[in-house]
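Written below as C-alpha cells is the structure these notes are about.
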Amino acid sequence: MARKLTTNQEIDAFIAKVIGEAHHHGGNVEHVIQPLSDEVRQRLNLKLDKVEVYERNGNLARTCWVTLQGSRYVFTYNYKTKQIDLRDHSIHGAWRFSFDNATPFPDIQREVGKL
C-alpha cells in the first residue's frame, strides 16, 4: 500500500529516514539520495504532482513513486546491484537508470531532467 506525502516536511522526513537506513544497510547509495531527491523536488509541484511511498504495517519503506506531469516513476533499491533503480510506473516497469554514490551529479541532473 502507498502513502501519499503531501508536504515538504513529510518528504524531508522520508528522505532523512531513507538516508539513515542507507547509512546502516546501503552504504553504496547513502550519498546519492539527497542530490537525487533535490533534483526531483526541483521539478515537483505538490499541487499537481504526487509523491507516494510504500507503507507496510504502518511503517514507511524505501520504495518511492513520483508522478510528474501525469507520468509515474518509481525509485527503488535493487538489492542485487546495491543501487537505486529508476523505473517507469512500477517496480516491474521498464528500467530507466541506476544511481549509486559513484553516479556523477551531471548524470543525476540529466536523468531526472528526462522525467
- Query: Quick one, which of (i) 1.16; (ii) 1.05; (iii) 0.97 is the actual Cα Rg over 2.2 N^0.38 Å calculated for this model?
  - Reply: (iii)
- Item | Residues in the range 84-115 that a label on Arg72 would reach, taking backbone N under 17 Å of a point 7 Å out along Cα→Cβ | 86-96
- Query: Rounded to a whole number, what % of the accessible area of the chain do carbon and sulfur atoms account for, probe 1.4 Å?
  - Reply: 51
- Query: Of Tyr73, Gln34, Gly20, whose Cα points farthest to the positive end of the dipole of the range 1-86 (charges on the beta-carbon: +1 Lys, Arg; -1 Asp, Glu; origin at the Cα centre)?
  - Reply: Tyr73
- Potential lengthening between Thr7 and Asn28 on full extension [0.36 nm per residue; Cα-Cα distance subtracted]: 4.8 nm
- Note on the structure: Expressed per residue, the solvent accessible area of the chain in Å² (1.4 Å probe) is about 58
- Mind listing the phi-derived Karplus ³J(HN,Hα) values for the range 99-115, rounded to whole Hz, using 6.51, -1.76 and 1.60 with θ = phi - 60°, and x for any glycine or proline? 10, 8, 4, 8, 5, x, 4, x, 5, 4, 4, 4, 5, 5, x, 7, 6
- With every protein chain present, what accessible area does Glu39 have (1.4 Å probe, heavy atoms only), rounded to the nearest 10 Å²? 20
- Note on the structure: Checked the range 3-58 with the C-alpha gyration tensor, a ≥ b ≥ c its square-rooted eigenvalues, rounded below a/c of 1.5, otherwise prolate if a/b is larger than b/c and oblate if not; verdict oblate
- Task: Using the Cα centre as the reference, give the magnitude of the dipole from point charges on the C-beta atoms of the chain (Lys, Arg: +1; Asp, Glu: -1; all else neutral), rounded to the nearest 20 debye.
- Result: 320
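The values are calculated or read from the model by the stated rules, or taken from the named source; none is laboratory data. Since we're looking at a predicted model, the values are computed, not measured. Please note: Cβ atoms are built from the backbone with ideal geometry, for glycine as well, and neighbour counts cover all protein chains shown. Quick note on the areas: whole protein, heavy atoms, side chains included, nothing else; ligands and nucleic acids left out. Shrake-Rupley method; radii C 1.70, N 1.55, O 1.52, S 1.80 Å.
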